[in-house]
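This report concerns only the one structure given below.
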Amino acid sequence: MFDSIAWRYDFLNHLLSFGIDRSWRKKAISIISETHKNPNIIDIATGTGDLAFEAVRLDPIRITGIDISEKMLDLGRKKAQLKGLSDLIKFIKCDSENICFEDNIFDVAMVAFGVRNFKDPLKGLGEMRRVLRKGGLAMVLEFSKPDGHLFRHAYDIYFRNFLPSIGGFFSKNRKAYRYLNESVMGFPSNEEFIEMMRETGFSGIRLTRLTKGIASIYTGIKD
């Protein structure tokens, strides 16, 4: 499914979010910068690498983006080449729930809008923790339920009706954008996801809600 929409993925991310997704990624990276300088980073479910490219301002040692969609990764490699970042950012085909690295390798494990696609979110979070060094930071940027009855109602109408139609028209795959709606609506609440991170073994968990709660940033530490 993601291979089929890769060619329109970046364009539709920005269009469907009215460009706000860029500010969300910037905020996520700014939160990481509070505790980690020059980190070795793994960007999980990297897609075409937008979060990885934003993380360049952390002056990282290296960034490794992993995903199971080869066409998404190909686009990420082309973007890295155009930006002159091919030596810094590497894109590898790898399963987010069975990460192809040894334990205790990375300082930061981050994922943007990918956890809701995990077949088993607890296993995916566990893999993030496994590959982190002691004191390493996990950062999850994901859609969440917005604040306020009226705002949430308008949000639901947009996600259920307009988003699949617009996404389907431009990507030629309406099913993929219907899935986006379903995966967002079915994602755990803030409290439930925080409990999942605790269950996986993270501590010092912090929640930052964005744009009236449309998206949320979760961070946790590997003790």
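Every residue in segment 114-150 that is within 11 Å of residue 44 (Cβ to Cβ) and either in contact with a Ser or Thr (Cβ under 6 Å, 6 or more places away or on another chain) or not aliphatic (A, V, I, L, M) (or both), please.
114, 117, 118, 124, 125, 127, 139
Just to check your reading of the model, which residue among 103, 87, 107, 74 is under 22 Å from residue 217 (Cβ atoms) and either in contact (Cβ under 8 Å) with a residue 60 or more places away in the chain or surrounded by fewer than 16 Cβ atoms within 10 Å (Cβ to Cβ) (or both)? If you could, list the steps in order and put the result at the bottom.
On the way: 103 fails: under 22 Å from residue 217 (Cβ atoms); 87 fails: under 22 Å from residue 217 (Cβ atoms); 74 fails: under 22 Å from residue 217 (Cβ atoms).
Every option except 107 fails the conditions.
Got a sec? Which of 50, 43 is buried (at least 23 other Cβ atoms within 10 Å of the Cβ), under 16 Å from residue 88 (Cβ atoms) and of a type in the set (Asp, Glu)? Show your work before the answer.
On the way: 50 fails: buried (at least 23 other Cβ atoms within 10 Å of the Cβ).
Exactly one of 50, 43 is buried (at least 23 other Cβ atoms within 10 Å of the Cβ), under 16 Å from residue 88 (Cβ atoms) and of a type in the set (Asp, Glu), namely 43.
Which of the residues belonging to segment 54-98 are β-branched (Val, Ile, Thr) and in contact with a strand residue (DSSP E or B) (Cβ under 7 Å, 6 or more places away or on another chain)? Can you show your working first?
Taking segment 54-98 first, the residues β-branched (Val, Ile, Thr) are 56, 61, 63-64, 66, 68, 89, 92.
Matches in segment 54-98: 61, 63, 64, 66, 68, 89, 92.
Sort out which residues of segment 134-151 are surrounded by 15 or more Cβ atoms within 10 Å (Cβ to Cβ) and over 16 Å from the mean Cα position of the chain (by Cα), and write them in order of number. Lay out the reasoning, then the answer.
Step one: of segment 134-151, the residues surrounded by 15 or more Cβ atoms within 10 Å (Cβ to Cβ) are 136-146.
Scanning segment 134-151 gives 136, 145, 146.
Could you check segment 182-207 and list, in sequence order, the residues that are at pLDDT below 80 and in contact with a Lys or Arg (Cβ under 6 Å, 6 or more places away or on another chain)? It would help to see each step written out before you state the result.
Of all residues in segment 182-207, those at pLDDT below 80 come to 182-186.
Once the filter is applied, which keeps residues that are at pLDDT below 80 and in contact with a Lys or Arg (Cβ under 6 Å, 6 or more places away or on another chain), segment 182-207 yields only 183.
Looking at segment 46-63, I want the residues that are touching a residue at least 12 places away in the same chain (Cβ under 8 Å) and have a partner that is among the hydroxyl-bearing types (Ser, Thr, Tyr) with Cβ atoms under 8 Å, at least 6 apart or on another chain. Which pairs are those?
Correct list of pairs: 47/9; 47/69; 48/9; 52/46; 57/33; 58/33.
Counting only residues that are among the basic types (Lys, Arg) and touching a Leu at 6+ places or on another chain (Cβ under 8 Å), how many does segment 43-78 have? Can you show your working first?
Restricting attention to segment 43-78, the residues satisfying the condition of being among the basic types (Lys, Arg) are 57, 62, 71, 77-78.
If we keep only those that are touching a Leu at 6+ places or on another chain (Cβ under 8 Å) as well, we get 62.
Number satisfying all stated conditions: 1.
The values are calculated or read from the model by the stated rules, or taken from the named source; none is laboratory data. The shown structure was predicted, so the numbers you read here are calculated from the model rather than taken from an experiment. FYI the Cβ positions are ideal-geometry reconstructions off the backbone, even for glycines, and counts take in every protein chain you see.
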